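Let me begin by presenting the structure, written as structure tokens, before commenting on it.
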Amino acid sequence: MNDVTPTPLPLLPRRAADSHKGHYGRLLLVGGSRGMAGAVALAGMAALRGGAGLVTLAVPESIQPTVAGFEPSFMTSALGGRGADALGADDAELLLAMAQRSDVVALGPGLGRAADTVRLVHRLFHRIEQPMILDADGLNALAGHPELLQRPAGPRVLTPHGGEFERLAGAPCAAGAADRACLLY
């Protein structure tokens, strides 16, 4: 048995009584595809629990009702039209406009790896000036294209696990390295 008592997480600062959710940041979360609605919904729930004020999930039309059902605090935007199962390059202009009204953009959870979706990620990576967090399929879309990482439109945070890191870097992690250790190379 482990006798170590875990350190409690710090509480979020108390919010002013006369404030509203718009005072605490606007996040645009782009992700999801048929069969992967949970990934983007869980990421949205984490953003709310982390203190984000307004969280908008931009998802394919086919999964919007499912995603919206996870959390009543989400705002959702159904993209792609006509029952779209994945986001694609045709959604770029609308997403760019939505990003302009956001403080931060997160891109990737459950997005999928279709060629048109990969083109969308490339376009957003190079055109959205707001800080962007790339995770999961957002990272997979950049793998094999190291030149793309050299020209972001704004600040970027990449969150690869070991396998994603290896795809991005084009080289394996050090033998026996834990996922976190791969981030240091």
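Calculate, in nm to one decimal, what SER77 and ASP103 gain on full extension: separation in residues at 0.36 nm each, minus their alpha carbon distance.
Residue separation times 0.36 nm, minus the Cα-Cα distance, leaves 7.7 nm.
How much of ASP18 can a 1.4 Å solvent probe reach, expressed as accessible area in Å² and rounded to 10?
130
Would you rank HIS23, HIS122, HIS161, HIS145 by solvent-accessible area, highest first, keeping every protein chain in place and using a 1.4 Å probe?
In descending accessible area the options line up as HIS23, HIS161, HIS145, HIS122.
Kindly report, to the nearest 10 Å², the accessible surface of GLU147 as traced by a 1.4 Å probe over protein heavy atoms only.
Around 90 Å² of this residue is reachable by solvent.
So who's got an amide H within less than 5 Å of the one on SER77, skipping anything under 5 residues away but keeping other chains? H placed 1.01 Å off N, in plane.
Here LEU57, ALA58, VAL59 satisfy the definition.
Calculated from DSSP H runs of 4 or more alone, at -39500 (n - 2.57) each and per residue, what is the 222 nm mean residue ellipticity of the chain, nearest 500?
The helix contribution divided over the chain gives -9000 deg cm²/dmol.
With all protein chains present, how much of the accessible area of segment 53-185 (probe radius 1.4 Å) comes from carbon and sulfur, to the nearest whole percent?
Carbon plus sulfur share of accessible area: 53 percent.
Answer rounded, prolate or oblate for segment 24-128, using the Cα gyration tensor with square roots of eigenvalues a ≥ b ≥ c: rounded when a/c is under 1.5, else prolate when a/b is larger than b/c, else oblate.
In terms of gyration-tensor shape, oblate.
Cα gyration tensor of segment 45-185, axes a ≥ b ≥ c as square roots of the eigenvalues: rounded (a/c below 1.5), prolate (a/b > b/c) or oblate?
prolate
At LEU48 and TYR24, where each label point lies 7 Å from the Cα along Cα→Cβ, what is the point-to-point distance in nanometres?
Each label point is offset 7 Å from its Cα along the Cβ direction, giving 1.1 nm.
The values are calculated or read from the model by the stated rules, or taken from the named source; none is laboratory data. Values in this document were obtained by computation on a predicted structure and should not be read as measured data. So basically every Cβ, Gly included, is an ideal-geometry build from the backbone, and we count neighbours across all protein chains shown. Accessible surface is based on the protein model in full, side chains and every heavy atom, while ligands, DNA and RNA are left aside. Shrake-Rupley method; radii C 1.70, N 1.55, O 1.52, S 1.80 Å.
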